[in-house]
Each structure stands twice: as C-alpha cells, then as structure tokens.
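Peer 1: I have a structure here, written as structure tokens, and I will follow up with some questions on it.
The values are calculated or read from the model by the stated rules, or taken from the named source; none is laboratory data. These numbers were taken from a predicted model, which means no experiment stands behind them. Backbone-built Cβ (ideal geometry, glycine too); neighbour counts: all protein chains shown. What goes into the accessible areas is simple: the full protein's heavy atoms, side chains included, and nothing from ligands, DNA or RNA. Shrake-Rupley method; radii C 1.70, N 1.55, O 1.52, S 1.80 Å.
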Amino acid sequence: MDYHLSWSLFPLMTKLLQQAIAEISKLSDEQQDAIASRLLDELEDEQAWQARFESTTDSQWDNLAATVRQEIESDTVVPLDEVFPIGQ
C-alpha cells in the first residue's frame, strides 16, 4: 500500500520520529509490520518498567540502597568492567 503521510496529523511527533517513519514507510508491508511489532513491544516493556518504578515505595528504595551498601562493604560486588569488558 502506498500511503502519503500528512505530517499535520502528527503535530506532537519529533522531527527525528517523522524522519524514521518516512523511511519505514518506504519498506515493504512485511518489513513495516516487523518494525512496528518491535516498537510496540519496546513501548509495552518501557511502560511496564515505568509502572514498576512509579510503584516502588521509599522504603523499598531504602532497602535496595542498604543491600547495595552491604554488598559493597562485604566486597562481593563485581566491577562492571569485569562483567562487560570494554573492547572485547
């Protein structure tokens, strides 16, 4: 299908998103659907994380911070560089 996008329908869309959609619109229907599915999955995941963060209480954050401090003090923390080496 050949749709001509009217950007006036998307006044809140950033220029970068408009550019991405313009490029995606040039792809086959199958490719467009694959990208749309990935974007929708990503949005769903982002909303789930946002809901989790918003529902986290101050007490839960305090407990998490205390746990991290305890792990640091007990020297059981593995440096991130060792988990994900740079340049390898």
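Peer 1: Any idea what % of Cα-Cα pairs in the chain are farther than 19 Å? Walk me through the numbers before you get to the answer.
Peer 2: Details: 2601 of 3828 pairs.
Result: 68 percent of Cα pairs exceed 19 Å.
Peer 1: Still on this structure, I have one more. What whole-number value in Å² describes the accessible area per residue of the chain for a 1.4 Å probe? Write out the running numbers ahead of the final one.
Peer 2: Numbers: 8270 Å² over 88 residues.
Here the residues of the chain average 94 Å² of exposed surface.
Peer 1: Follow-up. Given a Förster distance of 35 Å, report the FRET efficiency between residue 69 and residue 12 from their Cβ-Cβ distance, rounded to the nearest 0.05. Working shown, then result.
Peer 2: Details: r = 42 Å, r/R0 = 1.20.
The computed FRET efficiency comes out at 0.25.
Peer 1: At a probe radius of 1.4 Å, what is the per-residue accessible area of residue 69, in Å² to the nearest 10?
Peer 2: Its heavy atoms expose roughly 140 Å² to the probe.
Peer 1: When you count, for each residue, the other Cβ atoms within 10 Å and take the mean per peptide, how do 70-83, 13-26 rank with the highest first? All intermediate terms of the calculation are to be shown ahead of the outcome.
Peer 2: Working: 70-83: 8.5, 13-26: 11.3.
Result, highest mean Cβ count within 10 Å first: 13-26, 70-83.
Peer 1: Then there is this: Picking from 55, 21, 70, whose Cα lies most toward the positive end of the charge dipole for the chain (charges on Cβ: Lys, Arg +1; Asp, Glu -1)?
Peer 2: Going by the charge dipole, the pick is 21.
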